[in-house]
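The values are calculated or read from the model by the stated rules, or taken from the named source; none is laboratory data. These numbers come from a predicted model, not from an experiment. Here the Cβ is made from the backbone with ideal geometry for all residues, glycine too, and neighbour counts use every protein chain on show.
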């Protein structure tokens, strides 16, 4: 096990808020970041690779993982199941990794209930629902039904923004990235990660 304390950075956003673009940019600047790979029952999109973007499984396999308690969190979103496994996250923490988790509001609440202040939580918001609708429509990948579902979910998710440690509004990409970068750096200054100054469990070393 690494002597360095593993670092968890949890990012949540409505679909279409630009979360993936911001995460990719953060990883480009900070190559030590390891991306948490979720398990899902949805089919791969063009260019997605099993084990890199997601672990793609059938519903039977997913249900078996749920039954044996393999997930930190799992949720049914837009007609598919998604989950983050304890094995993946614990391995990263044991190795002292810098880990980014990309999960929805349901997953965030479940994970926070289990990990509390052991993780750092960021919500990425669109400037408005109207702007979000334009972005989703512009992708050309949504049917009218799926677009309506994603917007309805976004309305609910925006109500949860106040539960997070940080809120980044993605109106201008450069500004939003600057805010996300600032949150990433600020979280590293928490006593939990300053072992040389605040060593031991009293710093919050226990998950």
Is at least one residue of the range 88-96 surrounded by 14 or more Cβ atoms within 10 Å (Cβ to Cβ) and under 26 Å from residue 158 (Cβ atoms)? no
Which of the strands (runs of 3 or more DSSP E) found entirely inside the range 25-76 contain at least 2 residues meeting this: over 14 Å from the mean Cα position of the chain (by Cα) and surrounded by 12 or more Cβ atoms within 10 Å (Cβ to Cβ)? 54-56
So residue 181, is it surrounded by 12 or more Cβ atoms within 10 Å (Cβ to Cβ), in contact with a helix residue (DSSP H, G or I) (Cβ under 9 Å, 6 or more places away or on another chain), outside any strand (DSSP E or B) and modelled with pLDDT of 90 or more: yes
Looking at the range 116-135, is at least one residue at pLDDT 95 or above, more than 18 Å from residue 21 (Cα to Cα) and within 21 Å of the chain's Cα centre (by Cα)? yes
Pairs where the first residue, in the range 25-40, is without any contact (Cβ under 8 Å) to a residue 60 or more places away in the chain and the second is surrounded by fewer than 17 Cβ atoms within 10 Å (Cβ to Cβ) and in a loop (DSSP other than H, G, I, E, B), C-beta under 9 Å, 6+ apart: 37/51; 37/52; 37/53
